Amino acid sequence: MDVGMLWFDNTPGRSLKEKIEQAAAYYQKKYGEHPNLCFVHPSMMNDENSSPGGMEVRTAPTVLPHHFWMGVEREPSLTERSGQHI
């Protein structure tokens with residue numbers, strides 16, 4: 001993911017899944033594309049976490065608690081995968 005959107009949500013009583021789904025809906029509306037990757041602080045993950053809306057959720061210690069960094073992770077091109085540059 002090269003570019004993403006940072007979202008903040010510390011609403012008490014709202015699950016991580018609900019927070020990610022709300023952020024993804026805003027992303028979709030703003031950018032016209034559904035995000036497929038979301039980074040969260042490791043402390044936010046728990047046993048009930050799933051992939052909301054088919055989105056992959058990864059942890060990153062550099063993302064602050066209650067923040068969600070989401071965007072679209074694209075498949076690398078053939079030249080990028082082979083390490084060749086044109």
- Work out, step by step, the length gained on full extension between Glu18 and Leu6: first 0.36 nm times the residue separation, then minus their alpha carbon distance; give nm to one decimal. 2.7 nm
- Task: Along each of the three principal axes of the Cα atoms of the range 4-74, give the extent in whole Å, ordering the values from largest to smallest.
- Result: 29, 23, 19
- Task: Measure off 7 Å from each Cα along the Cα-to-Cβ vector at Thr59 and Ser43, then give the distance between these two points in nanometres to one decimal.
- Result: 1.2
- Message: For a quick check: with amide H placed at 1.01 Å from N, whose amide H comes under 5 Å from Val40's, ignoring anything fewer than 5 positions away on the same chain?
- Response: Arg58, Thr59, Ala60
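We did not get these values from a lab; they are worked out from the coordinates using the rules stated. As the structure is a prediction and not an experimental result, all values here were calculated from the model. Don't worry about glycine lacking a Cβ; one is built from the backbone with ideal geometry, like all the others, and counts go over all protein chains shown.
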